Amino acid sequence: MDSALIPEGAKRCSFPKFAIGIAIVGAVLLWGVYAMFLCWFKGLNQTNMNDYYGFALWIWADLAVIAVGGGAFFTGLLKYIFKVDELKNIINFAVIIGFICYSSALLILAIDIGQPLRGWFIFWHANVHSMLTEVAFCLSCYFAVLTIEFIPNILENRQVNRVPFFHHLAHNMHGVMAIFAATGAFLSFFHQGSLGGVAGVMFGRPFAVREGLLIWPWTFFLFTWSAAAFGPCFTLLVAKITETITGKKLVKDNVVHLLAKISGWMITTYIIAKIIDTIYWATVTIPSLGFKLSHFYTNNSFYGYWILITEVVLCGVVPGALLIIKSTRENPTLRLIAIVLGVIGVCLNRWVMVLQIMAVPVMSFDTWALYIPSWQEIATTILPVAYGIILIAITYRYLPVFPQEQELNSIEPATEAE
Amino acid sequence: MSEIENKTENGSTESAGERTAGDTKDDKGLGLGVIFFIVAFVVCFLSGTLLFPKLLYSKREQPFNFDHKLHVGEAGDCDSCHYLREDGSFVGIPKLATCLDCHSEEPMGETEDEAIFAEEYVSKEKEVPWFIYSRQPDCVFFSHAAHTQSGGMDCVTCHGPIGESTSSKPYQENRITGYSRDIWGENIWGFKKNSWDRMKMDDCAECHKQETGHQGYCFQCHK
Amino acid sequence: MKQENNKAHKFGMVIDLDKCTGCGSCMVSCMSENNVPFKEDESNKKDSITWMRVYKITNGKSFPDTEIVYLPRPCQHCGGKGDHGHSPCVSVCPATATDYGYDTGIVSQIYTRCFGCRYCMGACPYHARYFNWWDPKWPEGMENYLSPNVSPRMRGVVEKCSFCYHRYQAARDKAYVDGRDDIEEQEYQTACTTACPAGAIVFGDLNNPAHAVHQIVKPDPHPDPRNKHIVGKSRNPNVFRLLERLGTNPKVYYLSEREWVRKAGDNYLEGEWDEIKNHHGSSSHD
Amino acid sequence: MFPFNFEWAWDIAHVVFFGGFWYAIGILGAGMTFCILKAAYDTMKGNGASDH
C-alpha cells in the first residue's frame with residue numbers, strides 16, 4: 001500500500017499491521033493531548049502541584065528527556081568533530097531520539113507555564129542572569145539544530161529524494177553538517193549545564209545549592225557531563241528496543257561496543273566527579289548552613305538514603321564499571337543491564353534535583369512536603385513517550401535511518417513487525 | 001555522508017540527459033515566482049497598513065463633543081478642572097459636580113453639545129460616561145503629582161496640545177487588549193515624532209532614563 | 001528634573017513574637033488591602049494564597065513546659081548575598097517579572113509580566129511566593145470592594161507581599177503636593193502593621209536612625225565576619241532573622257526574649273547554637 | 001533580546017549572553033541559507049535528479 005515510500009531493499013510489516021500499532025499508541029497520545037488541553041484551558045489547577053511543589057512530575061520528565069536526549073549532541077560531537085566515523089551508523093537514530101526528546105521538552109515547558117500565551121516573554125524580556133533564560137534560549141536554538149540535523153534524513157526518503165532540489169539540499173546539508181554539529185555541541189553544553197544551574201543557584205535551598213566556578217555552580221558541569229555520559233546509553237537502549245520489536249539487527253556490534261565504551265568512560269568519570277561533589281556538599285557546604293546530611297534523607301516516608309545510594313552506586317558506579325570492562329561490555333545481557341541502570345540513574349538524578357529539592361523543609365519549623373501527581377500530569381508526561389514511539393515507528397518505516405540495516409538483513413527471512 | 005555523495009555523483013551522470021528539457025520550464029517558473037512574490041508583498045503591505053488598523057481598533061464617539069479651547073479660554077489652565085487633590089491623588093476627568101460649578105443655572109452658550117449635556121446629564125444628575133484616551137492598563141501606577149509637582153513637567157509633554165482642540169476625536173479601542181489607541185499611538189508602526197504620540201512603557205522609560213538616570217524599578221510604575 | 005527621595009530607603013519590619021497572639025488580623029487586613037483572592041474551600045493551605053502567613057511553632061516540650069509562638073511571615077524582601085539586591089527569587093526570574101528596588105529595598109512582582117514558570121517559588125526558602133492556581137473569583141458584589149490601588153492578579157502568575165507599596169506611592173504623592181522632600185515614618189505603614197491589635201509589627205526605614213524599626217534592630221552595616229554574605233545583622237541580642245545563615249539577608253526581623261524562639265529561626269548543628277547565640281554582628285565586639 | 005527591548009543594557013552580561021546567542025543563530029541561519037541557495041543553484045544547473 002505504502003511500498004513506494006519504504007526505503008528500497010528494506011523489509012517492513014504490512015500497512016494494516018503498522019496502522020493498528022500506530023492507532024494503539026495513538027490512543028495513548030490522544031489521552032495525553034486531552035490532558036494537555038485541560039491544562040491549557042482550565043489552568044494548572046488540573047495538576048496536583050501546589051505552592052510547595054512549584055516544580056513537579058513533568059518538570060522532572062522535562063529534565064530527564066533532555067538528559068537522555070543528550071546522546072544526540074554527544075554522538076554528533078564525536079562523529080563530526082572528533083571524526084569517530086563508525087558512529088555514522090547510529091547518528092541518524094541518535095538525532096531522531098534527540099529530536100523527540102527536545103520537542104517533548106519544549107512541549108512540556110509550554111504546558112508547564114501558567115500563562116502559555118506569554119511564553120515569549122522569556123525571550124523578549126530576557127533576564128540574562130537567570131539560568132532558566134539560558135535554558136530557554138539554548139534549548140530552542142538546539143532544537144533548531146536538531147531539526148536541521150534531522151532534515152537530511154527526511155529528505156533521503158525514497159520519494160522525497162527524487163525531487164532534485166531536496167536531493168541537493170540533503171547533499172549540501174551533509175556537507176556543512178560539522179558546523180551545525182559544532183554549534184549544537186556549544187548550545188548543548190550550555191543548556192544541559194544551565195539546567196543543572198537551575199538547581200545549583202538556588203542559594204535559599206541548601207539541598208540544591210552548590211558552590212562553583214565563577215557564575216556556574218558545580219551542578220552546571222555535572223549536568224552537562226552526565227547528559228553526555230548517559231545520553232548514549234539511552235540511544236543504545238532505544239536502538240535495542242527497536243531491534244527487539246522489529247526482530248532485526250540494525251546496528252553492528254562494533255558500533256554498539258564503541259558507543260558503550262565511550263559512555264562507560266564518561267559515566268565513570270562523571271560519577272567520580274559526582275561523588276566528590278556530594279562529599280564536598282555534605283561535609284562543607286551544608287554544615288556551614290546549619291544542616292546535617294541526615295536532614296535530607298530522614299524523617300519522611302519516601303526520601304531515604306536509598307535514593308542517594310541507588311543514584312550514585314547502583315545506577316552510576318555499577319553501569320560505569322560494567323561498560324568499561326571489555327568482557328562485561330561485550331556481553332549483551334550485562335550491557336543491557338548497564339544501559340538500563342544508566343538511564344534510570346540519570347533520570348533519578350534529575351528527579352532528586354527537581355522533586356526532592358521541593359520536598360525538603362528549610363525553615364526549622366517547616367515539614368516535609370510530599371506530592372502525588374494527578375492523572376493529568378501523568379498523562380501529559382506519558383504523552384511524549386507515545387509521541388516518541390510513533391515518530392520512531394514512522395521514521396524507521398519510511399526513512400533510511402540505519403545505514404547497516406540492509407547489509408545486516410540481506411539474507412535473513414522476513415520476520416519483521418512494525 | 002559518503003553514501004550521499006556517491007548517490008549524487010551517480011545521479012548527475014545518469015540523468016544529465018533528461019534534465020535539459022526541464023530547464024526552460026524552470027526559468028518560466030522563476031519569473032512567475034518573482035511576480036507572485038511582488039504582488040503578494042504589495043497586497044500584504046497595503047492590507048497591513050491600511051486594513052489592519054481598522055480591524056484592530058473599534059471606534060466610538062464621545063457622548064457629546066467637548067471644546068477644550070473654549071473651556072481653557074473661559075476657565076483657565078488645565079488644573080482648573082484636572083487638579084490634584086490635597087492628598088496628592090489626581091482627579092482625572094472631572095465629575096459632573098465640577099462641571100456644575102459653572103454650568104449650574106442656564107446654558108452658557110448655544111452649542112448643540114451643551115444642550116445634550118444639559119438635557120441628558122445635568123437635569124438627570126447623571127455622570128457623563130467619557131471615554132478616556134489616555135487610560136492606562138490596570139496594572140499601571142501613574143502619579144501626576146510626581147510629574148507635575150516634583151518633576152515640574154507640563155501637561156502637553158505627555159498629553160499633547162489637547163487644550164487647543166475644539167472637538168473630541170473618536171475613541172479607538174484595541175479589540176484584543178481593550179486599551180485605548182493613544183497608548184500605542186496613531187502610527188501603526190509605532191514611530192513617534194512628538195513626546196505625546198505614544199504612552200507605552202518604553203516611552204516612560206525613555207524619559208525616566210534621560211531625566212533620572214534610571215528607567216525605574218518595576219514597582220515605580222506597576223501596581 | 002531630578003527624582004525626589006534621592007536618599008535610598010531600606011524599608012523593613014520587626015515583628016515582636018512575644019507580643020503576637022496569633023489572631024490573624026495581619027493576614028485578614030493583608031488580603032483585603034491587596035485584593036488577594038481566596039478559594040471557596042480553603043482547607044488545603046498548600047495552594048491557597050496568603051501573602052502574610054502566621055506559622056505556629058512549639059518548643060516541642062510536653063505539658064507543663066509547652067510553649068507556643070506565632071510567627072507571621074510576609075515576604076522577607078531579601079537583599080540577597082552581601083545585600084547586593086540579588087535576592088533568591090529576583091536573580092532567577094527569566095522574564096524580569098520581579099526586581100529589587102535599590103531605592104526602597106522592596107522586591108517587586110509584576111503580574112502582567114510573569115508567565116508562571118514558578119522558578120522563583122522554588123528558589124524562595126520562606127514559601128513567601130504564591131501561584132494563582134485558579135482564576136480569581138469574588139462573591140457577587142465583592143468586586144466593588146476591591147482596592148483600586150492594587151491590580152488583581154490573573155490565573156497562572158506568581159504573587160507575593162509587596163510591603164503595601166501602593167501606600168508608599170500614596171505617601172509620596174502627598175509629600176509632593178505638600179512640597180516636602182521625603183515622607184514621614186507614619187505616612188507609610190503596611191496594612192498588617194496598622195491592623196495588628198497587639199502592636200507587634202513595627203515598620204519603617206532601616207536606614208533611618210530616627211525610625212523605630214532602626215532603633216529596635218540596630219542593623220550592623222558591616223558584613224558578618226563569620227559569613228561575609230550576611231549584612232545587616234541585628235545588634236540587638238533578642239532580634240533574629242529567618243534562615244539568616246543562608247545569606248538571603250531578609251528585611252523582616254523578629255524579636256523575642258525567649259531563646260528557643262530565636263533558635264527556631266534558623267538551622268544549627270549540634271552545639272553550634274550556644275556558640276553562635278552570643279554573637280550579634282561584628283560591631284558588638286568592637 | 002534586542003537592543004531596543006526594555007531590559008536591554010550594554011553591559012558585560014548582555015554582551016556575552018546575546019553575543020553567544022546571535023552568534024549561534026547567525027551560524028545556523030547562514031548555514032541553512034547557504035544550503036538552500038546552493039541546492040537551488042544545483043537544481044537550476046540541472047545536474048542531478050538521482051534515481052538510484
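The values are calculated or read from the model by the stated rules, or taken from the named source; none is laboratory data. Note that the structure is a prediction, hence the values are computed from the model and not measured. Here Cβ is always computed from backbone atoms with ideal geometry, including for glycine, and neighbour counts include all displayed protein chains.
The residues of the range C:223-259 that are more than 11 Å from chain A (Cβ to nearest Cβ), at negative phi, part of a loop (DSSP other than H, G, I, E, B) and not basic (Lys, Arg), listed by number, are C:PRO225, C:ASN236, C:PRO237, C:ASN238, C:SER256, C:GLU257. Within the range C:128-164, restricting attention to residues that are touching a helix residue (DSSP H, G or I) at 6+ places or on another chain (Cβ under 7 Å) and among the β-branched types (Val, Ile, Thr), the residue that is nearest to C:PRO250 (Cα to Cα) is C:VAL158. Whether a residue is assigned by TED's automatic domain parsing to the domain that holds B:GLY178, closer than 21 Å to B:LYS169 by Cβ and basic (Lys, Arg) was assessed, and B:LYS69 passes this test.
Residues in the range C:161-209 that are crowded, with 18+ Cβ neighbours inside 10 Å and among the small types (Gly, Ala, Ser): C:SER162, C:ALA170, C:ALA171, C:ALA175, C:ALA191, C:ALA195, C:ALA200, C:GLY204. Does A:LEU132 qualify as being closer than 25 Å to C:ARG153 by Cα, buried (at least 21 other Cβ atoms within 10 Å of the Cβ), within 8 Å of chain C (Cβ to nearest Cβ) and not polar (S, T, N, Q)? In short, yes. Every condition in (1) over 23 Å from A:LYS240 (Cα atoms); (2) crowded, with 17+ Cβ neighbours inside 10 Å holds for A:ARG335 except the one numbered (1). Checking the stated criteria, A:THR278 turns out to be away from chain C (no Cβ under 14 Å) and either touching a residue at least 12 places away in the same chain (Cβ under 8 Å) or surrounded by 22 or more Cβ atoms within 10 Å (Cβ to Cβ) (or both). Restricted to the range C:88-102, and to residues there that are in contact (Cβ under 8 Å) with a residue 12 or more places away in the chain and under 19 Å from C:ASP205 (Cα atoms), the residue that is surrounded by the most Cβ atoms within 10 Å (Cβ to Cβ) is C:TYR100.
Close Cβ contacts (under 8 Å, 6 or more residues apart or on different chains) running from residues in the range C:145-156 that are farther than 22 Å from C:TRP133 by Cα to residues that are aliphatic (A, V, I, L, M) comprise C:ASN149/C:ALA170. Number of residues in the range A:289-320 that are surrounded by 16 or more Cβ atoms within 10 Å (Cβ to Cβ) and small (Gly, Ala, Ser): the value is 3. For beta carbons closer than 7 Å, sequence separation of 6+ or different chains, a first residue in the range B:201-223 that is within 7 Å of another protein chain (Cβ to nearest Cβ) and a second that is charged (D, E, K, R) and not in a helix (DSSP H, G or I), the qualifying pairs are B:THR212/C:LYS2; B:TYR217/C:ASP99; B:TYR217/C:ASP103; B:CYS218/C:ASP99. So in the range C:114-150, with the set limited to residues that are among the basic types (Lys, Arg) and more than 7 Å from every other protein chain (Cβ to nearest Cβ), which one is farthest from C:TYR168 (Cα to Cα)? Ranking the candidates gives C:LYS137 first. When the range A:58-81 is limited to residues that are buried (at least 24 other Cβ atoms within 10 Å of the Cβ) and within 14 Å of chain C (Cβ to nearest Cβ), the one that is farthest from A:ASN349 (Cα to Cα) turns out to be A:TRP58. Listed by position, the helices (runs of 4 or more DSSP H) contained in the range A:297-370 that have at least 1 residues being touching a Cys at 6+ places or on another chain (Cβ under 8 Å), away from every other protein chain (no Cβ under 14 Å) and farther than 26 Å from C:TYR119 by Cα are A:318-324, A:332-351. Inside the range C:260-269, residues that are facing chain A (nearest Cβ under 9 Å) and either buried (at least 20 other Cβ atoms within 10 Å of the Cβ) or modelled with pLDDT under 90 (or both) make up a count of 4. Residue by residue through the range B:39-76, note down the ones that are assigned to a loop (DSSP other than H, G, I, E, B) and in contact (Cβ under 8 Å) with a residue 24 or more places away in the chain. The answer is B:GLU61, B:GLN62, B:PRO63, B:PHE64, B:ASN65, B:PHE66, B:ASP67. Looking at the range A:162-258, the helices (runs of 4 or more DSSP H) lying wholly inside it that each contain 3 or more residues that are in contact (Cβ under 8 Å) with a residue 12 or more places away in the chain, under 20 Å from the mean Cα position of the chain (by Cα) and more than 14 Å from chain C (Cβ to nearest Cβ) sit at A:177-200, A:218-246. For C:ALA212, the conditions (1) touching a strand residue (DSSP E or B) at 6+ places or on another chain (Cβ under 6 Å); (2) crowded, with 20+ Cβ neighbours inside 10 Å are fulfilled apart from (2).
Restricting the range A:82-98 to residues that are aliphatic (A, V, I, L, M) and away from every other protein chain (no Cβ under 13 Å), the residue that is nearest to A:LEU250 (Cα to Cα) is A:ILE90. A single entry from A:VAL160, A:VAL201 fulfils the requirement of being over 30 Å from A:ALA35 (Cα atoms) and surrounded by fewer than 24 Cβ atoms within 10 Å (Cβ to Cβ): A:VAL160.
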